[in-house]
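Taking it in order: structure first as structure tokens, then the write-up.
The values are calculated or read from the model by the stated rules, or taken from the named source; none is laboratory data. Just so you know, these numbers come straight off a predicted model, no measurement behind them. Here the Cβ positions follow ideal geometry from the backbone for every residue, glycine too, while neighbour counts run over all protein chains shown. For accessibility, only protein heavy atoms count, side chains too; no ligands or nucleic acids. Shrake-Rupley method; radii C 1.70, N 1.55, O 1.52, S 1.80 Å.
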Amino acid sequence: MSTPHQITVGWRYRKLRIFSVVLAISGVSLMASGIASASQSQSAKHGGHHAKSAKSAPTASISVWFVSNPGPVNNYMTSLANKFDATHHGDRVSVNFIANTPFKQKLLTAMSANKPPTLFFSWGGGVLQQYINAGDAAPIGSASAAWTKRFLPSSLGAVTFNKQVYGVPIQGTQPVFFYYNKKVFKKYHINVFPKTWPQLLSDIAKFKKEGLASPIEMGNLSGWEGLMYLEYLTDRIGGPQVFEAIQSHKRNSWSNPAIKSALVDIQSLVRAGAFQKGFDAVDFGSETDALLYTGRAAMTLMGNWEVSSLLGEDKSFVNSNTLGQAAFPVIPGGKGNSADLEGNTSDYLAMANHVSAAQKYVARLFLEDEFTTQQFAKTEVASGQVPVIKGSGSYLKHANLHQYLIPTYNAVSSAPHFQYSWDQSLGSQLSAPLYLDLSKVFELSETPAQFIQAMNRAMTSVSGGL
Amino acid sequence: MLARSINILPESTQKKVARRADLPRKVVGSYWKADVVGVLPTMLLYGFLVLLPIVIAAVLSFYNWNGVGALRFTGFTNWDAFFHDPIAAHSLEVTGILAVASWLVQTPISIALGFFIAGRQRYRAVYAAFYLLPLILSTVGIGLMWQALLDPNFGGLAWLAQNAGLSFLQQNWLGSNSTALWTIVALIAWQFIPFHTLLYQMGRRQVPNVLYEAASIDGATKWQQFIHITLPQLRYTIVVSSTLMLVGSLTYFDIIYVLTNGGPGDKTRVLSLDMYQAAFVANTFGYASVLAVVLGVIGVVVALLLVRLTGFSSLSSQREGMA
């Protein structure tokens, strides 16, 4: 596929959550329908479901809910479903494409109403775990199943719970890098992207001094873009174990000195005037992209979808190789490995629990036949993605944008630790205060100590409450 | 009764009144049943879509529920959390400031504009068409439009600042702690002043001109006429408009959601946005129900207070003694 496209942008990365406004307005009535359907689903769960006995290979129609993604990803979902229909007599896969934000709430309603799709799009992590805990998601296979060996080890962590795998990667990996405008760097006589944090700060000072108002562009309206700084800094300073303690809800784990030090670093960046004016009133999108390709900003920290996003905004900027990609700088004396990555390991299809045994059988077949093969890896590469299937590095050489795809693949293959985005890992209840308090840190209206206190408190209330 | 005793109604009407009064009890009873059947569809719709959800939200506020999984009864835990939640307290404060500021900004401008377009001159009708334009735009559209205009890097105001020498326009309107809330107040006013202008235009047109004529014969100045004729005559218009403004800004959500998402930090985080976040970002539906109930109660109390304090409920005439 020669047309570049927007690589998956997770729900949290979407700007147009406007449709949920309607839901908020009718929030009260939605809660009402929720409570009604929840009690319904309870009784249905007790009643059990009539499963076909699956002695000979059963046939079934299955439904897939997929987060719509303009471009080749939608196309290959449809063609894989059609191919499966043609080769598996009696089975039928119907794919429903749903826009990003409505999807999340629609799935929640379908789950609590006990009328789920057979397979559903998932980002893994804490949100998927909520469905598993509620008995709404079924394992696809054990963590030792043969097909799991076909994936890069880091790619299944977000969907593996209790030695069971609950999701199959269906899109490329999305690590976060610094993306920079080589022309701007050249103009201000900075020849290489800074490798260390102090170097980054001194480069920013140089940019500022010579008249570049906003060396770094960021769109922190909904809070996740700032979070990437905290994720990387924490890992570079204290290593992966800092967040592991937080993720296991260890008491006062936010008080780790690495967190404080990371927050101090963030505020020194803000105080240096690194970010553009109004960075907290804009989301990732064409405005922030424009800052980078018009040369009003020198760099941005972003998932690798930034490449295709920029390609959509200004083709020549990307094709002329003006866009650079670099690893997050090293903190001198930090415990983390400089090759550690942060981002979304992959996107997945997960399976609902309250569907017939025949549907589960067909769904597993569909996933294994279509999404775990070298053929699929080639399809992904053709659509501009970096597959998480082992051995796909060789397909990348001739791909469009290989200058970005190959370093990404190499970074993912060799990363000692690929930290899955904190907001997805922690689940919704903790990510809400995390966004809010971190945005205050970025606006300098909250001190690191206040942030730590607020997050420790939020965590106790979550572990105590749910 | 009154009609019969003073005999001013036409004879046919008198007969009807009499007939209704003379009807046997049984027939009146069947009328009552017909009334019930008549209002039943509305009652059912209202009951299921308005009353029932309110009751369920109140019940849900005593549970923990993440949207999937089981409901867990937790007693007053959510309510207790609400009374110790600094973010909710802050949101209440922001909501209060927004409501009062909106009233203070919108009322005088709406009255002035309303009176202006109440005049019958044709050029005023032309102006009115422009003034009322925001009324027909969708709120989300308004939000996106202003977001583009206010963007400090690429926005229309920034362009004016750089190219027209209006450097005071070069502000971080939505992203700065000192301007964000006031920018929101201004944009809400921009959106809703047209509606209230219409109310005041109608109110002004209903004030009989004889009052002004009489007053000017008595030598009253324009200002005196405004204070002693117009304002008292517009009493109910003011009550209706103020109630809509105050209760409306309590639940105001869309523009803030689109423009600032409550930011910077929580500077513009109104209670309705806090509720949205609790329900659909944090998936804590029990706690969100607490916020919904609080919001509902405040809205009802404010509306009732306004009606009581202004004597709106008595519906007494403002034209008593007028010929």
Exercise for the section: Kindly check whether there is at least one residue in the range B:136-152 that is open to solvent by 30 Å² or more (accessible area, probe 1.4 Å) and under 25 Å from B:Ala118 (Cβ atoms). Expected result: yes
Handout entry: Condition check for B:Gln191: touching a Pro at 6+ places or on another chain (Cβ under 7 Å) and either part of a helix (DSSP H, G or I) or open to solvent by less than 70 Å² (accessible area, probe 1.4 Å) (or both)
Key = yes
Handout entry: Checklist (1) out of contact with any Phe, Trp or Tyr (no Cβ under 7 Å at 6 or more places or on another chain); (2) more than 14 Å from every other protein chain (Cβ to nearest Cβ); (3) open to solvent by 50 Å² or more (accessible area, probe 1.4 Å) applied to A:Lys378, failing item
Key = (1)
Problem - Candidate set from the range B:259-285 (those that are β-branched (Val, Ile, Thr) and open to solvent by less than 10 Å² (accessible area, probe 1.4 Å)); member that is nearest to the other protein chains (Cβ to nearest Cβ) - result: B:Thr260
Completion exercise
Only unsatisfied item for A:Gln450, checking (1) of a type outside the set (A, V, I, L, M); (2) in contact with a Lys or Arg (Cβ under 9 Å, 6 or more places away or on another chain); (3) buried (at least 18 other Cβ atoms within 10 Å of the Cβ), is (3)
Completion exercise
The one condition A:Phe442 fails out of (1) within 14 Å of another protein chain (Cβ to nearest Cβ); (2) surrounded by fewer than 20 Cβ atoms within 10 Å (Cβ to Cβ); (3) not small (Gly, Ala, Ser) is (2)
Handout entry: Enumeration of residues in the range B:50-88 that are more than 11 Å from chain A (Cβ to nearest Cβ), open to solvent by less than 60 Å² (accessible area, probe 1.4 Å) and closer than 27 Å to A:Gln450 by Cβ
Key = B:Trp79, B:Phe82, B:Ala88
Exercise for the section: Only residues that are under 16 Å from A:Gln174 (Cβ atoms) and part of a helix (DSSP H, G or I): list them for the range A:287-335, please. Expected result: A:Trp305, A:Glu306, A:Val307, A:Ser308, A:Ser309, A:Leu310, A:Leu311
Problem - Qualifying residue in the range A:428-435 (condition: surrounded by fewer than 23 Cβ atoms within 10 Å (Cβ to Cβ), touching a residue at least 12 places away in the same chain (Cβ under 8 Å), within 14 Å of chain B (Cβ to nearest Cβ) and assigned to a loop (DSSP other than H, G, I, E, B)) - result: no
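Suppose the filter is modelled with pLDDT of 95 or more, of a type in the set (Ser, Thr, Tyr) and crowded, with 22+ Cβ neighbours inside 10 Å; does A:Thr288 pass it?
No: the conditions fail for A:Thr288.
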Exercise for the section: Can you give me the number of residues within the range A:238-285 that are in a loop (DSSP other than H, G, I, E, B), more than 14 Å from every other protein chain (Cβ to nearest Cβ) and farther than 16 Å from A:Leu301 by Cα? Expected result: 9
Exercise for the section: Look through the range A:342-361, keep the residues that are of a type in the set (Gly, Ala, Ser) and touching a Gly at 6+ places or on another chain (Cβ under 9 Å), and return whichever of them is nearest to A:Pro116 (Cα to Cα). Expected result: A:Ala350
Exercise for the section: All but one of (1) touching a strand residue (DSSP E or B) at 6+ places or on another chain (Cβ under 8 Å); (2) open to solvent by 20 Å² or more (accessible area, probe 1.4 Å); (3) modelled with pLDDT under 90 hold for A:Ser346, so report the exception by its number. Expected result: (2)
Completion exercise
Within the range A:129-148, the residues that are outside any loop (DSSP other than H, G, I, E, B) and surrounded by 23 or more Cβ atoms within 10 Å (Cβ to Cβ) are A:Tyr131, A:Ala137
Problem - Inter-residue pairs, beta-carbon under 8 Å, first assigned to a helix (DSSP H, G or I) and in the range B:80-100, second open to solvent by 50 Å² or more (accessible area, probe 1.4 Å), 6+ apart - result: B:Ala81/A:Ser461; B:Val94/B:Lys267
Practice task
Evaluate the range A:90-112: report whether one residue or more is of a type in the set (Ser, Thr, Tyr), within 14 Å of chain B (Cβ to nearest Cβ) and more than 21 Å from the chain's Cα centre (by Cα).
Solution key: yes
Practice task
Identify, by number, the condition in (1) within 14 Å of chain A (Cβ to nearest Cβ); (2) in contact with a helix residue (DSSP H, G or I) (Cβ under 8 Å, 6 or more places away or on another chain); (3) open to solvent by 10 Å² or more (accessible area, probe 1.4 Å) that B:Gln201 doesn't meet.
Solution key: (1)
Handout entry: Every pair of residues 6+ apart whose Cβ atoms lie under 6 Å, when the first sits in the range A:345-361 and is over 20 Å from A:Phe161 (Cα atoms) while the second is of a type in the set (Gly, Ala, Ser) and open to solvent by 30 Å² or more (accessible area, probe 1.4 Å)
Key = A:Ser356/A:Ala51; A:Ala357/A:Ala51; A:Ala357/A:Ala54; A:Tyr361/A:Ala54
